[in-house]
Amino acid sequence: MKSVPLVAVIQFPGSNCEYETKRGILNSGMDSCIYRWNQCRELRDSQPDAYVLPGGFSFQDRVRAGAVAAKERIMDLVFSEAAGGKPVLGICNGAQILVESGMVPGWERGRIESALAANHISGRSGYLSRWVFLHVAAKAQQICPWLGKTGNGIIPLPIAHAEGRFVFSEENRERASSSAALKYCDEKGIESSDYPVNPNGSFLNLAGIMNDRGNVLAMMPHPERAFWMWQLPPWIPGEWGDRRDQSLRSGSHADTKGPGSLFFMSLADHFRGER
Amino acid sequence: MGNISIIVRLKSPDPAAMTAMSTFRRIYPETCPDSLERYDYWCFLNPCLGRETVSGIVSRYHDIVNPNKQTWSFIDEFSKPVDRSDDRMVWIDVRVTDRVDSVSENWTAILRRNRCEVEGVLCSVLWRFGFASGISFDNARNRVLDLTVSTRRDHGLLANPVSQKIDLPAPLLI
C-alpha cells in the first residue's frame with residue numbers, strides 16, 4: 001500500500017457525483033483520482049488501494065440502472081480486486097452497478113442474487129429525492145472498512161433515485177439479513193417498512209448491503225452530499241441537528257465535517273490500521 | 001370482454017435499444033441479434049367497451065402516449081418490425097415485466113379514480129429481436145433467452161430475474 005492510500009473513483013458515461021466523491025476522499029486524508037470507464041490500463045497501472053463507483057446515471061440508466069455499466073471491461077478489474085479483498089464502495093448508481101455485477105451480496109461468485117428495483121410507493125412512482133435516516137448493522141460496523149467510524153448513532157443522508165428498492169429472490173430472503181449494512185429508520189432509530197421511513201419499499205428496510213467479507217458495500221444514500229455540516233438542512237433533528245446548530249453558533253459551520261464524512265473517514269482509519 | 005394490449009414506440013430511434021444492441025455486439029459478438037427494437041407495452045384489463053375504451057384512454061392521457069414523440073397501435077395490428085431490411089429474418093419477441101410495479105398500480109388507481117371503465121393496467125417493455133435468415137426458430141429463441149436473462153455479470157442483459165419476469169409471446173407470423 002502507498003504511504004497515502006489511493007482511492008480510485010470510476011467515472012462512467014452519465015456519472016455525475018465523481019467530483020464530490022473525490023473531494024470527500026481527499027478531505028479524509030487520502031489520495032484520489034478519477035478514472036474514466038475506458039481507462040482500464042491507467043487504472044491497473046496506478047494500483048489503487050480502494051475503489052468507489054459514484055452516483056449518477058451511467059449510460060443514462062438505459063435498459064436498467066447499472067446493467068450496462070456492469071458489463072464494462074473496467075468492472076473486470078474492480079471485480080478481481082474486490083475478490084482480493086480491496087475495499088469497494090458503490091453509491092446509488094454505483095450500488096446498482098455492484099448489484100448488477102453480482103459483487104453484492106456475492107454469495108456465489110459473480111452470480112446476480114439481488115436487484116435494485118423501481119421504488120414501490122403507494123400513490124407515486126418514479127424518482128424520489130429526500131433526506132432519510134439510517135442505522136448501521138452491528139456486524140457491518142465490525143467488518144466493513146467503510147463503516148468503522150459510524151458508531152451507534154442515527155445518520156441522516158440524502159437519497160435521490162428511481163430504482164433503489166433492494167429485492168432478493170424467494171430462496172434468499174432469509175439470508176439477506178446477513179448482508180445488511182445500512183437500514184432505513186426514523187430520526188429516533190425505529191425501523192418501519194412504511195413510507196417515508198422506508199422511502200422506496202426496500203426489503204428489510206435495506207439502504208445498503210455488503211458481501212460476506214465486508215469489503216464491498218453498495219449503498220443507495222449519498223454520503224458525499226452530506227460530507228460537510230453546511231450541507232445538512234436546518235430541520236434535521238437529533239444528534240446531527242444539535243451538532244449542526246453548535247457549529248453554526250461557534251462559527252465553524254463551513255469547516256465542520258458532516259455525517260457523510262464518516263464513511264470516507266472510516267476507510268482512512270482502516271488504512272491507518274486504527275480498527 | 002378480455003384484455004387489450006397496445007404497444008408504444010418512439011418516432012425516433014430508441015436510445016435504450018441502441019445501447020443494448022451495442023452492448024450485445026461487444027460482449028456477445030457470436031450470438032448477438034442483427035436487429036433489436038424496443039417498445040412500451042400496456043395491457044388494459046377488461047376495458048368496458050373494448051378498443052373504444054382503450055383508444056379513449058390513450059388519447060386522453062399523454063403520459064401514456066405522447067403524440068409529439070410516440071406512436072401506438074393495438075398489439076394485433078402490430079406485426080411488422082421497423083427493420084424490414086431482410087424479409088426472411090426470424091423475429092422473436094420477449095416481454096419484460098417488473099414483478100412489483102408502482103407504475104402499473106398507480107395508473108390503475110388513476111384510471112379507476114377517473115372512471116375510465118377499465119379494471120387495471122399492466123406496464124411492460126417489449127423487446128423484438130431480429131436474426132438474419134439461416135437460423136432456426138428454436139435456435140433464435142434460445143439465443144434470446146440467453147441474451148435477455150441476466151444471471152451473471154457476463155450473462156444476459158435485459159432482465160434481472162430477481163425483480164423481473166419475462167415471457168415470450170406467440171411467435172410472429174410475418
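The values are calculated or read from the model by the stated rules, or taken from the named source; none is laboratory data. None of the values given here were measured: they were computed from a predicted structure. So basically every Cβ, Gly included, is an ideal-geometry build from the backbone, and we count neighbours across all protein chains shown. Ligands, DNA and RNA are excluded from the accessible area calculation, which covers all protein heavy atoms including side chains. Shrake-Rupley method; radii C 1.70, N 1.55, O 1.52, S 1.80 Å.
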Neighbourhood net charge (12 Å Cβ-Cβ; Lys/Arg +1, Asp/Glu -1) for A:M103: 0
Threshold 10 Å², region B:98-117 residues less accessible with all protein chains present than alone (1.4 Å probe): B:D98, B:V100, B:S102, B:V103, B:E105, B:N106
Pseudo-spin-label distance A:W107 to B:N46, built 7 Å along Cα→Cβ, given in nm, is 3.8
With respect to the cross-link table entries A:K71/B:K165; A:K22/A:K188; A:K139/B:K165, which display a Cα-Cα separation exceeding 28 Å? A:K22/A:K188; A:K139/B:K165
Relative to the present Cα-Cα distance, how much length would full extension add between B:D154 and B:V103 at 0.36 nm per residue of separation? 15.4 nm
Rounded to the nearest 0.05, FRET efficiency between B:R112 and A:S129 (Cβ-Cβ, R0 25 Å) equals 0.35
Per the helix-only calculation at 222 nm, which mean residue ellipticity applies to the protein assembly as shown, given -39500 (n - 2.57) for every DSSP H run of n ≥ 4 and division by its residues, nearest 500 deg cm²/dmol? -7500 deg cm²/dmol
Using a cut-off of under 17 Å, list every residue of region A:109-150 whose amide N is near the label point 7 Å from the Cα of A:E191 along the Cα-to-beta-carbon line. A:133-142
FRET efficiency, 1/(1 + (r/R0)^6) with R0 56 Å, evaluated for A:N27 and B:D146 via beta carbons: 0.75
Mean separation of Cα pairs under 8 Å and 6+ residues apart, divided by the residue count of region B:4-167: what relative contact order is that in percent? 30
Taking protein heavy atoms only, a 1.4 Å probe, and rounding to whole percent, the accessible area of region B:4-167 owed to carbon and sulfur comes out at 48
Label-to-label distance, nm, for residues given as B:L168 and A:D242 (7 Å Cα→Cβ offset): 6.3
Total accessible surface hidden between B and A, rounded to 100 Å², 1.4 Å probe: 2400
Any chance you could look up the accessible area of B:T53 with a 1.4 Å probe, heavy atoms only, rounded to 10 Å²? 20
Degrees, to the nearest 10: B:51-60 long Cα axis against longest axis of chain B: 90
To the nearest Å², the heavy-atom accessible area per residue of the protein assembly as shown with 1.4 Å probe amounts to 43
Sort A:182-191, A:8-17 by the packing proxy (mean of other Cβ within 10 Å over each peptide's residues), most packed first. A:8-17, A:182-191
What are the ³J(HN,Hα) couplings of region A:112-127, residue after residue, when phi is run through the Karplus curve with 6.51, -1.76, 1.60 and θ = phi - 60°? Round to Hz, x for glycine and proline. 7, 10, 8, 9, 10, 8, 4, 3, 10, 10, 5, x, 8, 8, x, 6
Rounded, prolate or oblate: which one fits region A:89-221, using the alpha carbon gyration tensor with axes a ≥ b ≥ c (rounded when a/c is under 1.5, else prolate when a/b beats b/c, else oblate)? oblate
Residues of region A:46-60 with backbone N under 13 Å of the label point set 7 Å from the Cα of A:K2 along Cα→Cβ are A:46-51
With all protein chains present and a 1.4 Å probe, how do B:R51, B:R95 order by accessible area, largest first? B:R51, B:R95
Out of the total accessible area of chain A (probe 1.4 Å, heavy atoms of protein only), what percent is carbon and sulfur? 46
Hey, what did chain A get for relative contact order, percent, Cα under 8 Å, at least 6 apart? 18
